[in-house]
1. Among the residues of the stretch 387-399, which ones are open to solvent by 30 Å² or more (accessible area, probe 1.4 Å) and either hydrophobic (A, V, I, L, M, F, W, C) or touching a strand residue (DSSP E or B) at 6+ places or on another chain (Cβ under 9 Å) (or both)?
2. Determine whether S110 is surrounded by 14 or more Cβ atoms within 10 Å (Cβ to Cβ) and among the hydroxyl-bearing types (S, T, Y).
3. Could you list, in sequence order, all residues of the stretch 177-207 that are modelled with pLDDT under 90, over 17 Å from H271 (Cα atoms) and in contact with an Asp or Glu (Cβ under 9 Å, 6 or more places away or on another chain)?
4. Being surrounded by 21 or more Cβ atoms within 10 Å (Cβ to Cβ) and either touching a residue at least 60 places away in the same chain (Cβ under 8 Å) or closer than 16 Å to A285 by Cα (or both) narrows it down to one residue among T212, T197; which is it?
5. Can you name every residue in the stretch 56-83 that is open to solvent by 20 Å² or more (accessible area, probe 1.4 Å) and in a helix (DSSP H, G or I)?
6. Quick one: is A486 among the aliphatic types (A, V, I, L, M), out of contact with any Cys (no Cβ under 6 Å at 6 or more places or on another chain) and modelled with pLDDT under 70?
7. Mind counting the residues in the stretch 94-139 that are touching a residue at least 40 places away in the same chain (Cβ under 8 Å), among the small types (G, A, S) and touching a helix residue (DSSP H, G or I) at 6+ places or on another chain (Cβ under 8 Å)?
8. Here are some residues: Y428, Y376. Which one is of a type in the set (F, W, Y) and in contact with a helix residue (DSSP H, G or I) (Cβ under 8 Å, 6 or more places away or on another chain)?
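The values are calculated or read from the model by the stated rules, or taken from the named source; none is laboratory data. Because the structure is a prediction, the values reported are computed rather than measured. Reconstructed Cβ throughout: ideal geometry from the backbone, glycine too, with neighbour counts over all protein chains shown. Ligands, DNA and RNA are stripped out before the accessible areas are found, and what is left, the full protein with its side chains, is counted by its heavy atoms. Shrake-Rupley method; radii C 1.70, N 1.55, O 1.52, S 1.80 Å.
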Amino acid sequence: MNMLGNSTRGLLPLQKRLLYRLCVVPMATYGFRLWYFEGARNKALLKSLSAMQRRAALWITGAFRTSPSGGAESIAGLIPIHLHLRKLAIRSSYRVSTLPSNHAIRSLLSKDFSLNSSPHPQSLRFLTPAKKAKVKGPLIDVDSSLSHLSESFFPFAPESKPGSRLMDTFPDSIHFHPCNRSDKHEMYKHVSSLDSTFSSSSSDRNCISVVTDASVPLIGSLQAVSAAHLYRGGRQVSHAKQASGRASSTDAELYSIRIGIAKAISLQCDHIILITDCLPAAKLAVNPSIHSSQSHSIQVCRLLSDWLTAKPSRSIDFWDVPSKWRWKPHLKVHKDVTSTRIHAPPRVGATLNFLRRKITNDCQKSWESTFWKKKYRGSGFLLSKKNRKFLTPTYVKGGTWLPLANESPSLCARMSRAILNHAPIGAYHERFFPLEPKSCRCGHRMETRHHILCYCPLYPFRTQWVQCAFPQYEFLVEFLKKNPAAFAFTNHDTRPPPPQTPVPAKPNEGELYSFISSLLFSFETDLCV
């Protein structure tokens, strides 16, 4: 980290975070995973990795070395290293399901997951249930993880051989029409083209339009639902709807594409227009390589291969339609799937993407619950709200606090010091450097964070957050931008000159408000803990 810090001094905070996640974390996690899969949980190694991540968080945010590790990690958007390693270990155990039957690991698993491979003398299938309950190790974790998986994979499927794939055999018969959702003008042109294509298909009896959608309910007791509506001659001629089990949104969309194509081919047509709001799922439908819900893709490739071989002039077009556009045929199928509730059986399996996302969400929730402990984030961490909800840490899209302060390293450093309350101010001097001055230059007896943000005349540019016990994070960044000397190491010459006659706050007014705000802060944070 010292070498990185010296050679990347001019990088922005998000660039530092990306460099750390791409370069340092993979090397560290690879070494730890070797220990993990050898069956050893080395606490000393985990402690050294945590220390490494702490130094990285301080390097990214520019915070003091005395800052709490949890608070610095939360601002930098770095999930605690032990949660990150747990996520990697469990997610990698699911990858064993994609191995072929003649792989060495298959011979070590129990009978349900060995795929008829010859068992190893030390295989788990020779252990009694009583012994298996006492044994601990990576193989036991893999065997228990695979019991939650409901799908099978085919590493050497004939449809996935190079040169024999659907896109290799019929490259001119399969077309994709993506939509640029970042540009409203381009989106309008795309939907207009889709309208004209859908209208022209109504006059062609050999053309079938398939509109698909899927719904993944947030309630854990419900299954995902996939549906497809088929149109011919301008009217709906058929529909299909199936339960998708515990699946991710992409898996459910892929299943809806499969049932829509199967239904369209059974109705005898020469051209298929498939309309979906998830074009990545449409591309996976014609990709038979190993991925989640691979069986759906293999079935689609078989159906389309036979259909296109029978008549070379046949073709299929995949159109992307934004769901927020509320296109009428797609809105109809969307209401169909969202209004359907199908309860999941007690032991229903799940797809690979669903399980991988579940462990990711579990680690994120564990991080959020740890964040509410003052021992982790620090007792002086400045909590803030957005839409009446407290901000919590995340590592998605640069984190929660880092993106708005990514203009310069100095702004990020001042923001981090202000949030953590570890800044070059009098309150910090009183705790760590008792011999240093503690009073503010404006004449106030103690230079605290609350005094700087709300009352100090040296920083006159205020924002809307002065009267808020839990301010919005955007107001803090705006305050720091308008007052570049706040929470910074600056000489007295660069600061605004103090007034000739210091004007302290009215008697007891500032102290009373500060006392009430601190009481509200401690009371609400204790409720959150």
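1. First pass over the stretch 387-399, keeping only residues open to solvent by 30 Å² or more (accessible area, probe 1.4 Å): 387-390, 392, 394-397.
Hits for the stretch 387-399 are F390, V396.
2. Details: surrounded by 14 or more Cβ atoms within 10 Å (Cβ to Cβ): yes; among the hydroxyl-bearing types (S, T, Y): yes.
Yes; evaluated as a whole, the condition is true for this residue.
3. Once the filter is applied, which keeps residues that are modelled with pLDDT under 90, over 17 Å from H271 (Cα atoms) and in contact with an Asp or Glu (Cβ under 9 Å, 6 or more places away or on another chain), the stretch 177-207 yields only R181.
4. Details: T197 fails: surrounded by 21 or more Cβ atoms within 10 Å (Cβ to Cβ).
Of the residues listed, the single one that is surrounded by 21 or more Cβ atoms within 10 Å (Cβ to Cβ) and either touching a residue at least 60 places away in the same chain (Cβ under 8 Å) or closer than 16 Å to A285 by Cα (or both) is T212.
5. Of the residues in the stretch 56-83, the ones open to solvent by 20 Å² or more (accessible area, probe 1.4 Å) are 58-59, 62, 64-66, 68-69, 82.
Those that are open to solvent by 20 Å² or more (accessible area, probe 1.4 Å) and in a helix (DSSP H, G or I): L58, W59, S69, H82.
6. Values: among the aliphatic types (A, V, I, L, M): yes; out of contact with any Cys (no Cβ under 6 Å at 6 or more places or on another chain): yes; modelled with pLDDT under 70: no.
Considered against the rule, which asks whether it is among the aliphatic types (A, V, I, L, M), out of contact with any Cys (no Cβ under 6 Å at 6 or more places or on another chain) and modelled with pLDDT under 70, A486 comes out as no.
7. 1
8. On the way: Y428 fails: in contact with a helix residue (DSSP H, G or I) (Cβ under 8 Å, 6 or more places away or on another chain).
Every option except Y376 fails the conditions.
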